Amino acid sequence: MTKTWYADIILPLAVRGRFTYRIPDDIFEAVKPGVRVTVQFGGNKLYSGIVCTIHDNAPVLKNVKTIINVIDTVPAVNEIQLKFWLWISEYYLCSEGEVMKAALPSEICFNNYKPRLVTYIQLAGIFSDNELHEIIDKLAKAPRQQEVLSTYLRLTGYASGSEIKPIGKSWLLKETGSNPNIIEALIAKGILSSLSLVVTRLNDSDNCKEPINKLSEAQSVAYGSITTQFKEKDIILLHGVTSSGKTEIYIHLIEEQLKIGKQVLYMLPEIALTTQIILRLKRHFGAVTGVYHSRFSDCEKVEIWERVADNDPLNGYRLILGVRSSLFLPFSNLGLIIVDEEHDGSYKQHDPAPRYHARDSAIVLASMHKAKTILGSASPSVESYNNAVNGKYGFSELKERFGLIKLPAIIIADTREAYRRKLMVSHFTPELLQAMDEALGKDEQVILFQNRRGFSPYIECSDCGWIPVCIQCAVNLTYHKTISKLVCHYCGYNADMPSKCGNCHSTGMVTRGFGTEKIEDEIKIVFPAARVARMDQDTTRNKNSFNKIIRTFEDRRIDILIGTQMISKGLDFENLTVVGILNADNLLNYPDFRAHERSFQLMEQVSGRAGRRQKQGKVVIQTADPANKIIRLVLRHDYISMFRMQAEERMTFNYPPFCRMVKISIKHKERALLNYYSDILGRDLKEIFGKRVLGPESPVISKVQLWYIKTILVKIEREKPPAKAKHLIIEAIDRLEKEKGASSLKIAIDVDPY
Ligand code: ADP
Ligand code: ZN
Ligand code: ZN
């Protein structure tokens, strides 16, 4: 009797574990790790899954189903990717299927992916000058055909004996204003011929490459120390003040890797940032440079995927610039991962699973490729800096800006005092207005930062204090003036602006607080001659809107740009000299153990946009609390003191990086039942972990889309491997799920939820 073979398969489901299917004999040869196969699961549903392992251990289950067919001839996913998915699923406590869903571009598109073919026209053969003249003369009776032929010759510059060049059929038609029949006639006469060529959907011409910049002295020292440390360390933290040339250093490191035939992944936290950096990289590295983010269509994503998988030195991408999801591209030969702005919170995916941190996962991915990782920031995360201090990471520093330009001067503007003395002009302090006035007078540019979009974060009845809230979430509705609606930023629910109070029917509804829309309105009144634009989630919904705004600002066709955190990071504008932070207080008062670290980083980051080239920039920070210790540290650009202060606090109160954290969110549509079940889990976990369990408690937003939410935090000791503690947490959750009625709960686990 011959052996029966089985395959363990990952299916795109939230259920943990792999699924075993029998391999029919006739497709045995085709079933390999990494190929996609079609299988049936639960009822009659068909899924495509990824084959992981092949074995002959018959599963205990009877009626093992059979693989229906094999989709790929070559594996869609390589072995390192499978290993990486497994790591993510084990570390972040999710299923491999959830990782698969995040990792693969949409399934539909994968199957339908067709290279784009374009019709080209060329001469049907090599003709001598005489022959050509004869042909043209003969066409005198068909002047339209004659014109098409001469246009072809002109556009391709064909001369006797030279190489025949195809040109796009649509181009030829457009140039001659003729119709396809005329070209067909020339083809029928054997003068022209048509052919189909594969063209890329991704528009990247290989513009001539420029040599990379020579490093400054300070940069050379840092670069030297990085390459030396890489001999012993796999991870290096590069702490360089804003505009010190971190990007230049990355470019030198990239060049080294490409020279030895390795791939490089360059990660950024925000799509908006790719706009400028991609140009800088392509200028030096040309067509091997690709970019990857969620704004691409699924078919474009598949094409990028194919080009990363393609090891062809001409067509393959070897340098990828991307946001967190680029970790899942099919790299086979990484030499270096760069995590720029490594402190940035956008590297963490909170929802849905996999709830991974792209910086931490990048380090693991790099180690699977035996590659190096460089983390760069002007204000590193407390955990990365701590790892550098204790020697786990290598460390390198750039303390001055390129060209020895001074870091921007910080001016702290006291809003409370200005209100009291009636000096505020709408939401602007005299200090900010003066700085803006001076800059605009010299044709310099200004950025105003406000971390709230919309017109005002809430509206209120001036008689009774009633505030409209979302019907599905425990959230105040934000007023958006452009669309004249109240909008929930958590679920998207919207309603018309009420003309009367919903409680006392008074007509005295007033707007409270301010968002980017309101700042835009007001600044246009204060500086009527200035050209004003806004960059936030609402103005960047289209695929190319980031590019457009950034280009327009670069071209100096915008004087004042207002924006949310989108404009705070990494952008490099030559003529920008003044940055205004309109309300530092709502950054500082956020209830989170990282609020202070985050607001320092954000303020330092936004400030870093000012005065990057010719002269020192100016930053005005508006606050009602000018004595605030974090603001005092930003004033001196004093990262080290901020780090020490935060590290000490976290050591005292046992927070990361001195412990690990796992957050469990429990949701139920009924508040009482949520309390009941979350108490059960809380008690259960406390029996295991004691005082290291915090909660259950209501988070700041305690209801979203009709689901009430409670959270439980479990702190795990740093020193011990976390796998055991995680296992105990999973077991406790399994026990809760077995309680009567618990199936109406939604439970989410978030490892390192920060
Ligand atoms: P960072 O990444 O630290 O913010 P960048 O690499 O963007 O700094 O450098 C800031 C500016 O100075 C950029 O416009 C960059 O082109 C320029 N610059 C930095 N180093 C050099 C160098 N060695 N040669 C030429 N220009 C440089
Ligand atoms: Zn009222
Ligand atoms: Zn809502």
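The values are calculated or read from the model by the stated rules, or taken from the named source; none is laboratory data. As the structure is a prediction and not an experimental result, all values here were calculated from the model. Don't worry about glycine lacking a Cβ; one is built from the backbone with ideal geometry, like all the others, and counts go over all protein chains shown.
Starting from residues that are outside any loop (DSSP other than H, G, I, E, B) and among the hydroxyl-bearing types (Ser, Thr, Tyr), keep the ones in region 550-578 and report whichever is nearest to ligand 2 (Cβ to nearest atom). Quick ask: steps written out before the conclusion?
The first filter runs over region 550-578 and keeps only residues outside any loop (DSSP other than H, G, I, E, B), leaving 550-554, 560-563, 565-567, 576-578.
This time we only want the ones that are among the hydroxyl-bearing types (Ser, Thr, Tyr), so: 552, 577.
Details: Thr552: 43, Thr577: 46 Å.
Looking at residues that are outside any loop (DSSP other than H, G, I, E, B) and among the hydroxyl-bearing types (Ser, Thr, Tyr), I get Thr552.
Any residue in region 516-531 that is without any contact (Cβ under 8 Å) to a residue 60 or more places away in the chain, within 28 Å of the chain's Cα centre (by Cα) and either within 29 Å of Val620 (Cβ to Cβ) or within 16 Å of ligand 2 (Cβ to nearest atom) (or both)?
Taking every residue of region 516-531 in turn, at least one turns out to be without any contact (Cβ under 8 Å) to a residue 60 or more places away in the chain, within 28 Å of the chain's Cα centre (by Cα) and either within 29 Å of Val620 (Cβ to Cβ) or within 16 Å of ligand 2 (Cβ to nearest atom) (or both).
Scan region 193-200 and give yes if some residue there is assigned to a loop (DSSP other than H, G, I, E, B), in contact with a Phe, Trp or Tyr (Cβ under 7 Å, 6 or more places away or on another chain) and more than 16 Å from Val339 (Cβ to Cβ), otherwise no.
The initial filter retains those residues of region 193-200 that are assigned to a loop (DSSP other than H, G, I, E, B), namely 200.
Still in the list and also in contact with a Phe, Trp or Tyr (Cβ under 7 Å, 6 or more places away or on another chain): none.
No, that holds for no residue.
Counting only residues that are over 23 Å from Gln705 (Cα atoms) and charged (D, E, K, R), which one in region 480-505 is farthest from ligand 3 (Cβ to nearest atom)?
Filtering region 480-505 for residues that are over 23 Å from Gln705 (Cα atoms) and charged (D, E, K, R), the one farthest from ligand 3 (Cβ to nearest atom) comes out as Lys500.
Check whether at least one residue in region 558-568 is within 16 Å of ligand 1 (Cβ to nearest atom) and at pLDDT below 90, and report yes or no.
Taking region 558-568 as the starting set, the residues that turn out to be within 16 Å of ligand 1 (Cβ to nearest atom) are 567-568.
With the extra rule that they be at pLDDT below 90, the set shrinks to 567-568.
Checked against the condition, which is being within 16 Å of ligand 1 (Cβ to nearest atom) and at pLDDT below 90, region 558-568 yields at least one hit.
Filtering region 243-267 down to residues that are surrounded by 24 or more Cβ atoms within 10 Å (Cβ to Cβ) and closer than 24 Å to Asp638 by Cα, which residue is farthest from the chain's Cα centre (by Cα)?
Ser244
Okay, residues lined up against (1) of a type outside the set (Gly, Ala, Ser); (2) within 27 Å of Ile562 (Cβ to Cβ); (3) out of contact with any Lys or Arg (no Cβ under 6 Å at 6 or more places or on another chain):
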| position | (1), (2), (3) |
| --- | --- |
| Gln605 | yes, yes, no |
| Arg609 | yes, yes, yes |
| Lys615 | yes, yes, yes |
| Thr623 | yes, yes, yes |
| Ala627 | no, no, yes |
| His637 | yes, yes, yes |
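Please specify each residue of region 374-394 satisfying the condition of being outside any helix (DSSP H, G or I) and crowded, with 22+ Cβ neighbours inside 10 Å.
At the first step, the residues of region 374-394 found to be outside any helix (DSSP H, G or I) are 374-381, 390-394.
Passing the criteria: Ile374, Leu375, Gly376, Ser377, Ala378, Ser379, Pro380, Ser381, Tyr393, Gly394.
Among the residues of region 480-498, write down those that are surrounded by 14 or more Cβ atoms within 10 Å (Cβ to Cβ), within 27 Å of the chain's Cα centre (by Cα) and of a type outside the set (S, T, N, Q).
His480, Val487, Cys488, His489, Tyr490, Cys491, Tyr493
State whether the residues of region 574-582 include one that is modelled with pLDDT of 85 or more, more than 16 Å from ligand 3 (Cβ to nearest atom) and over 23 Å from Pro528 (Cα atoms). Break it down into steps so the answer makes sense when it comes.
Pass one, region 574-582, residues modelled with pLDDT of 85 or more: 574-582.
Going one step further and asking which of them are more than 16 Å from ligand 3 (Cβ to nearest atom), we end up with 574-582.
With over 23 Å from Pro528 (Cα atoms) added as a condition, the list becomes 574.
Looking for residues that are modelled with pLDDT of 85 or more, more than 16 Å from ligand 3 (Cβ to nearest atom) and over 23 Å from Pro528 (Cα atoms), one finds at least one in region 574-582, hence yes.
Against the conditions (1) touching a residue at least 40 places away in the same chain (Cβ under 8 Å); (2) touching a strand residue (DSSP E or B) at 6+ places or on another chain (Cβ under 9 Å), where does Arg295 fall short? Just the number, please.
Every listed condition holds for Arg295 apart from (2).
Any idea which of Ile747, Ile666 is under 25 Å from Ile88 (Cα atoms), touching a Ser or Thr at 6+ places or on another chain (Cβ under 9 Å) and surrounded by fewer than 19 Cβ atoms within 10 Å (Cβ to Cβ)?
Values: Ile666 fails: surrounded by fewer than 19 Cβ atoms within 10 Å (Cβ to Cβ).
Selected residue: Ile747, the only one of Ile747, Ile666 that is under 25 Å from Ile88 (Cα atoms), touching a Ser or Thr at 6+ places or on another chain (Cβ under 9 Å) and surrounded by fewer than 19 Cβ atoms within 10 Å (Cβ to Cβ).
For the structure I just gave you, tell me whether Ile183 is modelled with pLDDT of 95 or more, touching a Leu at 6+ places or on another chain (Cβ under 7 Å), surrounded by 13 or more Cβ atoms within 10 Å (Cβ to Cβ) and not in a loop (DSSP other than H, G, I, E, B). Step through it out loud before you land on a result.
Values: modelled with pLDDT of 95 or more: no; touching a Leu at 6+ places or on another chain (Cβ under 7 Å): yes; surrounded by 13 or more Cβ atoms within 10 Å (Cβ to Cβ): yes; not in a loop (DSSP other than H, G, I, E, B): yes.
Criteria not met by Ile183.
Restrict the check to region 218-230 and report whether at least one residue is within 30 Å of Arg280 (Cβ to Cβ), assigned to a loop (DSSP other than H, G, I, E, B) and modelled with pLDDT of 90 or more. Give the derivation first.
First, pick out the residues of region 218-230 that are within 30 Å of Arg280 (Cβ to Cβ): 218-230.
From what is left, the residues that are assigned to a loop (DSSP other than H, G, I, E, B) are 230.
Still in the list and also modelled with pLDDT of 90 or more: 230.
Scanning region 218-230, I find at least one residue that is within 30 Å of Arg280 (Cβ to Cβ), assigned to a loop (DSSP other than H, G, I, E, B) and modelled with pLDDT of 90 or more, so the answer is yes.
It is to be established whether one or more residues within region 376-389 are in contact with a Lys or Arg (Cβ under 6 Å, 6 or more places away or on another chain) and within 16 Å of ligand 2 (Cβ to nearest atom).
Going residue by residue through region 376-389, those that are in contact with a Lys or Arg (Cβ under 6 Å, 6 or more places away or on another chain) are 376.
Next, only the ones that are within 16 Å of ligand 2 (Cβ to nearest atom) stay: none.
No, region 376-389 contains no residue that is in contact with a Lys or Arg (Cβ under 6 Å, 6 or more places away or on another chain) and within 16 Å of ligand 2 (Cβ to nearest atom).
Would you kindly identify the strands (runs of 3 or more DSSP E) lying entirely within region 278-342 that contain at least 1 residues that are among the charged types (D, E, K, R)? First the steps, then the outcome.
On the way: elements: 289-292, 319-322, 334-340.
The qualifying strands (runs of 3 or more DSSP E) are 334-340.
Failed condition for Thr73, given (1) within 16 Å of Pro330 (Cβ to Cβ); (2) out of contact with any helix residue (DSSP H, G or I) (no Cβ under 8 Å at 6 or more places or on another chain); (3) at pLDDT below 95, with all others met?
(2) is the only condition that Thr73 fails.
Pairs needed: first member in region 466-491, at positive phi and without any contact (Cβ under 8 Å) to a residue 60 or more places away in the chain; second member anywhere, more than 8 Å from ligand 3 (Cβ to nearest atom) and not in a strand (DSSP E or B); C-beta distance under 7 Å; at least 6 residues apart or different chains.
Ser484/Met497
Filter region 1-23 down to residues that are out of contact with any Asp or Glu (no Cβ under 9 Å at 6 or more places or on another chain), without any contact (Cβ under 8 Å) to a residue 60 or more places away in the chain and exposed (fewer than 14 other Cβ atoms within 10 Å of the Cβ), then give me how many there are.
Of the residues in that region, 1 qualify.
This table checks each residue for (1) without any contact (Cβ under 8 Å) to a residue 60 or more places away in the chain; (2) touching a helix residue (DSSP H, G or I) at 6+ places or on another chain (Cβ under 8 Å).
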{"position": "Ser678", "(1), (2)": "yes, no"}
{"position": "Lys703", "(1), (2)": "no, no"}
{"position": "Thr711", "(1), (2)": "yes, no"}
{"position": "Glu737", "(1), (2)": "yes, yes"}
{"position": "Leu745", "(1), (2)": "no, yes"}
{"position": "Asp752", "(1), (2)": "no, yes"}
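Based on what the data block shows, is Leu694 assigned to a strand (DSSP E or B) and either surrounded by fewer than 14 Cβ atoms within 10 Å (Cβ to Cβ) or not hydroxyl-bearing (Ser, Thr, Tyr) (or both)? Give the steps one after another, and end with the answer.
Working: assigned to a strand (DSSP E or B): yes; either surrounded by fewer than 14 Cβ atoms within 10 Å (Cβ to Cβ) or not hydroxyl-bearing (Ser, Thr, Tyr) (or both): yes.
In short, yes.
Give the residue, chosen from Ser426, Ser361, that is out of contact with any strand residue (DSSP E or B) (no Cβ under 8 Å at 6 or more places or on another chain), crowded, with 21+ Cβ neighbours inside 10 Å, in contact (Cβ under 8 Å) with a residue 60 or more places away in the chain and over 19 Å from Tyr250 (Cα atoms). Show your work before the answer.
Working: Ser426 fails: crowded, with 21+ Cβ neighbours inside 10 Å.
Step by step, each of Ser426, Ser361 is checked, and only Ser361 is out of contact with any strand residue (DSSP E or B) (no Cβ under 8 Å at 6 or more places or on another chain), crowded, with 21+ Cβ neighbours inside 10 Å, in contact (Cβ under 8 Å) with a residue 60 or more places away in the chain and over 19 Å from Tyr250 (Cα atoms).
In region 110-155, which residues are assigned to a loop (DSSP other than H, G, I, E, B) and modelled with pLDDT of 85 or more? Break it down stepwise before answering.
Here is the first cut: in region 110-155, the residues assigned to a loop (DSSP other than H, G, I, E, B) are 113-115, 124-128, 142.
Of everything in region 110-155, those that are assigned to a loop (DSSP other than H, G, I, E, B) and modelled with pLDDT of 85 or more turn out to be Ala124, Ala142.
Inside region 454-479, can you point out the residues that are over 28 Å from the mean Cα position of the chain (by Cα) and more than 10 Å from ligand 3 (Cβ to nearest atom)?
Tyr458, Ile459, Glu460, Cys461, Ser462, Asp463, Cys464, Gly465, Trp466, Ile467, Pro468
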